[in-house]
1. When the residues of the range A:78-94 are narrowed to those that are over 13 Å from A:Ala194 (Cβ atoms), more than 14 Å from chain B (Cβ to nearest Cβ) and in a helix (DSSP H, G or I), which ends up least open to solvent (accessible area, probe 1.4 Å)?
2. Kindly list, by first and then second residue, each pair from a residue in the range A:23-44 that is at the interface with chain B (Cβ under 10 Å from one of its Cβ atoms) to a residue that is part of a loop (DSSP other than H, G, I, E, B), limited to pairs with Cβ atoms under 6 Å and residues at least 6 apart or on different chains.
3. How many of the residues making up the range A:131-147 are open to solvent by 40 Å² or more (accessible area, probe 1.4 Å) and assigned to a strand (DSSP E or B)?
4. Kindly establish whether B:Glu75 is modelled with pLDDT of 90 or more and open to solvent by 40 Å² or more (accessible area, probe 1.4 Å).
5. Restricting to the range B:378-400, and then to whatever is open to solvent by 60 Å² or more (accessible area, probe 1.4 Å) and in contact with an Asp or Glu (Cβ under 9 Å, 6 or more places away or on another chain), can you tell me which residue is nearest to B:Leu283 (Cα to Cα)?
6. Can you tell me which residue in the range A:218-234 is surrounded by the most Cβ atoms within 10 Å (Cβ to Cβ), limited to those that are outside any helix (DSSP H, G or I) and more than 8 Å from every other protein chain (Cβ to nearest Cβ)?
7. Please work out which residue is least open to solvent (accessible area, probe 1.4 Å), limiting yourself to the range A:101-125 and to residues that are within 10 Å of another protein chain (Cβ to nearest Cβ) and in a helix (DSSP H, G or I).
8. So which strands (runs of 3 or more DSSP E) stay within the range B:183-282 end to end and still have 2 or more residues that are within 12 Å of chain A (Cβ to nearest Cβ)?
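The values are calculated or read from the model by the stated rules, or taken from the named source; none is laboratory data. Only a predicted model underlies this, so the values are computations on that prediction, with no experimental measurement involved. Heads up, the Cβs are rebuilt from the backbone with ideal geometry, glycines too, and the neighbour counts pull from every protein chain shown. For the accessible areas, the whole protein counts, side chains as well, though only heavy atoms, and no ligand, DNA or RNA atoms are used. Shrake-Rupley method; radii C 1.70, N 1.55, O 1.52, S 1.80 Å.
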Amino acid sequence: MTDLLQLLFAGLSQGAIYALIAIGFVAIFAVSGVINLAQGEFAALAGLVAISARASGLPLPVAVVVAVATVAVVAVVMERLTIAPVKAMTTLVSLILTLGVSTALKALMLLVYGPNAEGLEAITPGIVTVAGVSIRYQDLWILLVAAVVSAAVYWFYDRTVTGKALRACAEQPVAARLVGISLGRASLISFLIAGIVGALAGVLSSPVYFTSWESGLALGLKGFVAATLGGLVSIRGAVLGGFVLGVLETLTAGYVSTGLRDAVAFLLLIVVLVVRPGGIFGRHAEARV
Amino acid sequence: MFRTRSTRVAALLAAGALALAGCAESTESDDASGGAAASDEGPIKIGAILDITGPGASLGVPERQTLELLHEQLEAAGGINGREVELLIEDNQSTEDGAAKAMSKLVNEEEVDIVLGASRTGPSLAMRPLAESSQTPMISLAANQAIVNGSEWVFKTAQNDRVVIERMIGYMEQQGYTTIGLARDASGFGEGVQEMFDEIGSDAGISVVATEKFAPDATDFTAQMVNLRNAAADVNVIWGIPPAAGLAQKAYRQLGLETPVMQSHGIGNQVFLDTAGAQADGLVAPLGRLVVADQLPDDDPQKEVIEAFIADYTEKFDMSPSTFSGHAYDGWKLAVDALEEVGTDPQAIRDHLEQVEGFVGISGVFTMTPEDHSGLQADALQLVTVENGKWKRLDDQATG
């Protein structure tokens, strides 16, 4: 029983990171139909910026703010330079564009920060043991921030007028423009949100899972699978998808084989796309047609 | 239906694109001035294929720095017998196919006289067939004995895993441990390790009761450590390289395992101490003398060589060298020694390397034979522990 709880908890912590990355995918896709393959790089970049800011003597909270702000700027610049100028954006075009940005960001990180993996220091170092289950304080921070951020993003997209206006851009671009919603501004805001959420994921995960120039690839893949599990347009679905993926991975590693751990995400992706293309929580997506 | 179909197509496209991104290539060439080299004139060409990016980066980067330092020193001293020496460094991205491609480039296009590398076992094994078929002398910097088993043209400088395991079993025997829980690297470095523990330990009644694996780029070790905890062995062994080995060590302590833990010789660098932090205290590992140079007795034959190297390296790079730098140092010095003695004829170089005797290096004192292309025995290793984040030589070296 202790083992199960320990594995479940590790899975939840890992899943929270996937959920944050997945929110970034959804935040952009739900507005403009763009799939942003550089989402994982946002996280890696934030981790690396925070580590070097910390190494240069800034206090941890300042380093985190610097990292999140830097990535937010990168996300906005990326949108203006590569997404906004394209007149007829399709999902395929967006994949090619963002893959290019992702590769460029990776090369840049390798040049600037070198090839070694490093970890940011934890917000609260140490562990606490509850009923035989060891819990890192950092895990609690990850879960807390993930909960607050996902609630905030969900509230913004589903409950505020601005958020609904953003979603309208994907549903009915022409009608949205007719009622005075700027598609360009909507896309920009969605990238800003994705940048901030991705950066938070990177900064939070760095103390536990470490960051290197290439850690964005795995994070991006897992986050994308999590978002797809949720149908790619639902924040709630993305969060649930992240947790399901994290827990399934850890349980597979613990009870079946550690070698299968990374295969879980992709097996799950294939099954879901074949059986329930709207996502495992896909009622939502089907009903919208 | 529009939404669902586009979602599915989009998802498949994205998955494909990401997979492609994962395979993307890049090569790093340190000094890629091409041109064919005639064997008796022009510069002597030494090639090196290292794991500079990817999971092996904490090995490959100090190795590259070491080679650059030694190359500089050699140039300043006038090259080899007056001939200029060109150093060509390739990054294999810690992959087998990257290593094979780089090897074929160095051998066929650059026509190098000797190849150093790779940093890890898997890429080294991928280079071996090319070295043998093209009859190019190669000195690997990696550990697994399979790299040189029965080889004609391949040598290596890192201590064999067999030698390491003999040393570890000796320590276990002395401590009275009989069961081992093993968490090992799932790549070439960890391949066959469990079998070797069982084979070498059989005389002492020591055997492995549980084996867990982790990918070299793994980040979460909860599952492996939970399973080791349940196996309740007398001693647990983590067999990997940093940062994975450091993260595993961290998870080990954080999950409250109090069983003594040993690590392999794969952890001899500062990156390991940085990643594992305070959780490294108390582990025992067989490492090269380099990490405990300041604690060696004065009559140690390697002390002088090691201290000179540490001084040069620290001066140039403002950081301490790792045991991996030592493997590169040994590889370079063996290569240069052979080139100085017999010139650039591949057969002569090979024959010379095979007869190396009493060669004092950083990782040990090398004596090669036709049967042993590694040249190091268990005495090349020191049992080392970690105390307050620093390497500490154990007083009792348990040579059994």
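1. First, pick out the residues of the range A:78-94 that are over 13 Å from A:Ala194 (Cβ atoms): A:80-82, A:84-93.
From what's left, more than 14 Å from chain B (Cβ to nearest Cβ): A:80-82, A:84-88.
Next, only the ones that are in a helix (DSSP H, G or I) stay: A:80-82.
Working: A:Arg80: 107, A:Leu81: 127, A:Thr82: 33 Å².
Checked the range A:78-94; the qualifying residue least open to solvent (accessible area, probe 1.4 Å) is A:Thr82.
2. Filtered contacts from the range A:23-44: A:Phe29/A:Ile35; A:Phe29/A:Leu232.
3. Of the residues in that region, 1 qualify.
4. Values: modelled with pLDDT of 90 or more: yes; open to solvent by 40 Å² or more (accessible area, probe 1.4 Å): yes.
In short, yes.
5. First, pick out the residues of the range B:378-400 that are open to solvent by 60 Å² or more (accessible area, probe 1.4 Å): B:379, B:387-388, B:390, B:392, B:395-396, B:399-400.
Filter again for in contact with an Asp or Glu (Cβ under 9 Å, 6 or more places away or on another chain), leaving B:387-388, B:399-400.
Numbers: B:Glu387: 9, B:Asn388: 11, B:Thr399: 18, B:Gly400: 19 Å.
Here the residue is B:Glu387.
6. Across the range A:218-234, the extreme among qualifying residues is A:Gly230.
7. For the range A:101-125, the residue satisfying everything is A:Ser102.
8. Working: elements: B:207-214, B:235-239, B:261-263.
In the range B:183-282, the matching strands (runs of 3 or more DSSP E) lie at B:207-214.
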